[in-house]
Amino acid sequence: MTSLADIRVIDAATLFAGPSAAMMLGDFGADVIKIEHPRRGDPSRGHGAAKDGVGLWWKSLSRNKRAAAVDLSKPEGQEILRRLVRESDVLVENFRPGTLERWGLAPEDLLALNPRLIVARMTGFGQFGPMASRPGFGTLAEAMSGFASMTGEPEGPPTLPPLALADGIAGLAMAYAVMVALHARERTGRGQVVDMAIIEPIMGLLGPQMTAYKALGVVPRRTGNRSSSNAPRNTYRTRDGRWLAVSTSAQTIAERVVTLVGRPDLVAQPWFSSGAGRVEHVEELDEAVGSWIAARDAEEVVARFEEAQAAIAPIYNVKDIAEDPQYEALNTFVELPDEELGSVTVQNVLFRLSETPGEVRWTGRPLGRDTDEVLGELDYTPEQIKQLRENGVIA
């Protein structure tokens, strides 16, 4: 039994934020129908590494989804979406504000067809406001949220992440929002519209920056790998050239680390009793921890930290992750058969449920792979499907 086996989701979004939300719903059993343009497909098919011309990011992002290629800009394609909406619980879309309305598919029109529908709208800047009509991507959210301004070395430039960070955070937030809306529907019997701007969820993870600014005028600054709220916290290089990360967010952990590296005298200092106090003496603390680690090989450092019950971890690349016994124990990655590539390894579902676990059932499929099946379920005849294909409405 899977948690969402009775939920049908239409994924009409592109690239990463909206599709990742739909992916997470599919991981727990929702019937996700991925709608793509018949000729262009979802641009995410062409992002990242490819094998034999097949995008590998797509294999994970569009897993557990049935692939239907429908041109929603054509009246016949819009009618297909209307029929789907009547039989579905959630529509995830990220068209620029006004596009669905121009096609006669405004949320109020869709809710008239299915009052229980959840319309999940994912855009860069939301559905209203002076920037609503602009094209928006996660990079812009990372810039505007304050993330880039506080990331990087103190004397270096603002730094963007080398991944779709804001999109991924927004995808998680949208999956949560959809589940909240579905729960509300159980009480009210009515669907509703979710309006999510990608610029907002990432800001929620940056700490109380606005609270501190309004109260104290504090503007976060770049601190490199150091923390602005506790110390020591940094990456340190060992004698054998490995990099390790140390965190001391808890007071007891900070005490254990500093004692381990031979500086119990620092623990006795009045300023050591708070994260803020330790940050004011970060140079002294970093010197103590860094010099101790630099004089030892990584294996010894990690073993000594573990003995002291202090927090440390190696800086991994993907090769290290593939060989790590903890990830293996958690079954973090699964290898699945794939009709294009033979087999593909993807990350497993993000968490484990004891009674209704999720599962990656299949990888992202070729463009339009399930179009005929989906339309057949909507009572289109083979002749009608053939005509739609000849007219370029489907693929």
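The values are calculated or read from the model by the stated rules, or taken from the named source; none is laboratory data. The structure presented is a predicted model; accordingly, all values stated were derived computationally and were not measured. Glycine gets a Cβ as well: all are built from the backbone with ideal geometry, and neighbour counts include every protein chain shown. For accessibility, only protein heavy atoms count, side chains too; no ligands or nucleic acids. Shrake-Rupley method; radii C 1.70, N 1.55, O 1.52, S 1.80 Å.
Some points to look at:
- Checked across segment 180-188, the condition of being farther than 17 Å from residue 286 by Cα, among the charged types (D, E, K, R) and at pLDDT below 95 holds for no residue.
- Flag if residue 123 is closer than 30 Å to residue 142 by Cβ, surrounded by fewer than 21 Cβ atoms within 10 Å (Cβ to Cβ) and in the same structural domain as residue 378 (by the TED database): no
- Lone unmet requirement of (1) part of a helix (DSSP H, G or I); (2) closer than 26 Å to residue 89 by Cβ for residue 119: (1)
- Qualifying residue in segment 139-159 (condition: closer than 22 Å to residue 43 by Cβ and touching a Gly at 6+ places or on another chain (Cβ under 9 Å)): yes
- Any hit, segment 188-206, residues being among the basic types (Lys, Arg) and under 30 Å from residue 107 (Cβ atoms): yes
- Among the residues of segment 340-365, those identified as farther than 15 Å from residue 50 by Cα and among the acidic types (Asp, Glu) are 355, 359.
- Among (1) crowded, with 23+ Cβ neighbours inside 10 Å; (2) not in a helix (DSSP H, G or I), the one test that residue 131 misses: (1)
- Candidates 12, 21, 106, 68 - the one that is assigned by the TED database to the domain that holds residue 169 and surrounded by fewer than 21 Cβ atoms within 10 Å (Cβ to Cβ): 106
- Given (1) closer than 19 Å to residue 175 by Cβ; (2) touching a residue at least 60 places away in the same chain (Cβ under 8 Å); (3) of a type outside the set (A, V, I, L, M, F, W, C), number of the condition residue 42 does not satisfy: (2)
- Cβ-Cβ under 7 Å pairs, at least 6 apart or on other chains, segment 25-36 side in the same structural domain as residue 371 (by the TED database), far side surrounded by 24 or more Cβ atoms within 10 Å (Cβ to Cβ) and among the hydroxyl-bearing types (Ser, Thr, Tyr): 34/62
- Counted residues, segment 349-369 - those being closer than 18 Å to residue 19 by Cβ and among the polar types (S, T, N, Q): 1
- Pair list, Cβ < 8 Å and 6+ apart or interchain, from segment 298-322 residues that are open to solvent by less than 90 Å² (accessible area, probe 1.4 Å) to residues that are of a type in the set (Ser, Thr, Tyr) and in a helix (DSSP H, G or I): 308/259; 321/327
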